[in-house]
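J.: Let me give you the structure first, and then I'll get to my questions.
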């Protein structure tokens, strides 16, 4: 048997980047999947890819900022598979900030998607995850662990996700529910590439590498592997953890020119 045979997982933001790779990894390990995203076209594409490998998967178009969409997502999961064991909150957004930081509209977008959206998913899934003694893994960010001058709003929203993770872990530990967070450093995704717009992709990549002790960016499968571990029975005594998957960046201060 594979490690997740018989388990049912929801993966938000499952149509691209880390979310898509996480869905692929969970599915290859036997999980039945419900993935969500805002693009029906991308949803159909990932479902087609996964089904070709034998994964049982459905797509639900959902806006993380809307409670009705999230309730519909969980309802579809129960209708399709009858239970829920794992919730992966991978959906999120970032914005390009100006010199004065995020606009009010950008701040609202970041918090309504990254924080409220994560909370809405947890709230809707909680009764079923408690019943199955399941697991939640929230995708936060290294930016939520340290200050980031160029991403004030994003860093603040991910810090809120980290504290939400810890608080939920404490609130439901005695009911068998585990709640953990993964905090990626710079990863080769479209979101990361978009954050380099102000300096250009080549300069952004060089700076990201220079600031990372292992001198490279992570790949989505490397982040997905950490998510898979926390979602599975191998992590049965881990809850409230915040796992940095960042090539050593959170270990301490460094001089960028040392690694250039």
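J.: Starting from the Cα of residue 80, step 7 Å along the direction of its Cβ; do the same at residue 56; then give the gap between the two resulting points in nm.
T.: 1.1
J.: Could you tell me the calculated FRET efficiency between residue 163 and residue 38, based on Cβ-Cβ distance and R0 = 22 angstrom, to the nearest 0.05?
T.: Once the sixth-power term is evaluated, E becomes 0.25.
J.: Take every Cα pair under 8 Å in the stretch 1-129 that's 6+ residues apart, average their separations, divide by the length, and report that relative contact order as a whole percent.
T.: The value is 26 percent.
J.: Here's something else I'd like to know. If you line up the long axis of helix 201-210 against the longest principal axis of the chain, both from Cα atoms, how many degrees apart are they, to the nearest 10?
T.: For helix 201-210, the angle is close to 90 degrees.
J.: Please tell me the relative contact order of the chain in percent, rounded to the nearest whole number, where contacts are Cα pairs under 8 Å and at least six residues apart.
T.: In percent, rounded to a whole number, it is 18.
J.: Would you mind checking the tilt of helix 117-132 against the longest principal axis of the Cα atoms of the chain, expressed as 0 to 90 degrees and rounded to 10?
T.: 40
J.: So for the chain, Kirkwood radius off the Cα pairs, Stokes-Einstein at 25 °C and 0.890 mPa s: how many µm² s⁻¹?
T.: The calculation lands on 133 µm²/s.
J.: Within the stretch 34-141, what percent of beta bridges assigned by DSSP are antiparallel, to the nearest 5?
T.: 10
J.: Would you mind pulling out the separation of the Cα centroids of the stretch 122-155 and the stretch 55-84, in Å?
T.: Going from one Cα centre to the other spans 18 Å.
J.: Separate question: One quarter of the convex hull surface, Cα atoms only: what value does that give for the stretch 1-140 in nm²?
T.: The number I arrive at for the stretch 1-140 is 8.5 nm².
J.: Something else: How big is D for the stretch 93-138, in µm² s⁻¹ as a whole number, if Stokes-Einstein is applied with the Kirkwood radius of its Cα pairs at 37 °C and 0.692 mPa s?
T.: 265
J.: Within the stretch 61-77, whose backbone N sits under 15 Å from a point 7 Å along Cα→Cβ of residue 131?
T.: Of the residues in the stretch 61-77, 74-77 have backbone N under 15 Å from the label point off residue 131.
J.: Regarding the stretch 88-196, what's the average projected area of the Cα-atom convex hull, expressed in nm²?
T.: 6.8
Readers should treat all values here as calculations from the given coordinates under stated rules, not as data from a laboratory. Just so we're clear, the structure is a prediction, and the values are computed from it rather than from any experiment. FYI the Cβ positions are ideal-geometry reconstructions off the backbone, even for glycines, and counts take in every protein chain you see.
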